Amino acid sequence: MGVTIITGAGGGMGRACVERLRGGRLLLVDIDDRSLEEVQQLAPEAECVVADLGARASIDGLVRQATLSGGLERLVHLAGVSPMMDDAARILNVDLVGTAALLDGLVPTAGAGSVAICVASIAAHLMPFSPETLAVLDEPLLPDIAARLERTLGSELGSGTAYALAKHGVVRLCQRAAAAWGARGARVLSVSPGLIDTAMGRLELKDNPGKQGLIGLTPIHAPDDEGSADLPGRPADIADAIAFLAGPQARFVSGCDVRVDGGLVAALLTGN
């Protein structure tokens, strides 16, 4: 049995995933050492690594650890940067370039039955992009991705557009990677959360006018609990979906994006 790697483990969705997937060999990854210490209380047997998923040295270190641990069993890649957290270059570097480097590095460690699940976003589904822009997204490991994208867009990248581009790139990345992972008997896919009640989600709702415009549009109503009524999804909704997709019941699911958004994208696309 190989190792289960959960990146962004200290966040709200990360902690929920740790609760669902603990047991066996577990490697928890986050950029915040204090958050890692807290989440390790949920899985005391886990190994914890402080890592920046925008840094190639950190990614190479995770790949080495997966190799030394007998290979990859499951990757749940939640680490990312939102539009309210940093600038366009950093968002692209962590959310897309880092994801591409991590998948490339881990595929040789993947064996039959292993799976990689990368978290994208509903932002990946809400903006159209030209063929020229998509061609740049499909080569994320070439240098200067931000500059290359700006040339196709004809304008400077803002953090919101960079986030949508990065997450769209992740969805396409997982589609393209399905053949290489499938050749090893492994699966790869993405999950796009909707409006989820996490610290990052609340920050986005407070400061992002685009998110504020989505309040009340999710067809599935918020659960009647102590969470935010404006953010109808809960971390458990994402963790439950990921636990299913990482398990044997989903053995035929690969190369696709699974929206876990309460029907929000469908409502936006259909105008209902």
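The values are calculated or read from the model by the stated rules, or taken from the named source; none is laboratory data. Quantities reported herein were computed from a predicted structural model and do not represent experimental measurements. Cβ: placed from backbone, ideal geometry, glycine included. Neighbour counts: every protein chain shown. Note: areas computed on protein heavy atoms with side chains; ligands, DNA, RNA excluded. Shrake-Rupley method; radii C 1.70, N 1.55, O 1.52, S 1.80 Å.
Would you tally the net charge around residue 151, using a Cβ to Cβ cut-off of less than 12 Å, leaving residue 151 out, and scoring K and R as +1, D and E as -1?
Net of charged neighbours comes to -3.
Taking 2.2 N^0.38 Å as the expected size of a compact globular protein, what ratio does the Cα radius of gyration of the chain give against it, to two decimals? Mind showing how you got there, number by number?
Values: Rg = 17.6 Å, N = 272, 2.2 N^0.38 = 18.5 Å.
Working it through for the chain, the quotient is 0.95.
Keeping all protein chains in place, calculate the accessible area per residue for the chain (probe 1.4 angstrom), answer in Å².
44
Rg and Dmax of segment 1-138, Cα atoms, in Å?
15.1, 47
How large a share of the accessible area of the chain, in percent, is made up of carbon and sulfur atoms when the probe is 1.4 Å and the other protein chains stay in place?
53
In whole angstrom, note down how far apart the Cα centers of segment 119-172 and segment 81-103 are.
11
With every atom except the alpha carbons ignored, what do you get for Rg and Dmax of segment 126-272, in angstroms?
Here Rg and the maximum Cα pair distance are 17.1, 47 Å.
How long, wide and thick is segment 8-54, going by the Cα atoms along their three principal axes, in whole angstroms, largest first?
Rounded to whole Å, the extents work out to 27, 19, 17 Å.
Could you compute the FRET efficiency for residue 152 and residue 224, with r as their C-beta to C-beta distance and R0 at 45 Å, rounded to 0.05?
0.50
How large is the helix-only mean residue ellipticity at 222 nm for the chain, computed as the sum of -39500 (n - 2.57) over DSSP H runs with n ≥ 4, divided by its residue count, in deg cm²/dmol to the nearest 500?
That comes out to -12000 deg cm²/dmol.
Taking R0 as 25 Å, what's the FRET efficiency between residue 176 and residue 253 from their Cβ-Cβ distance, rounded to 0.05?
Efficiency, rounded to the nearest 0.05: 0.95.
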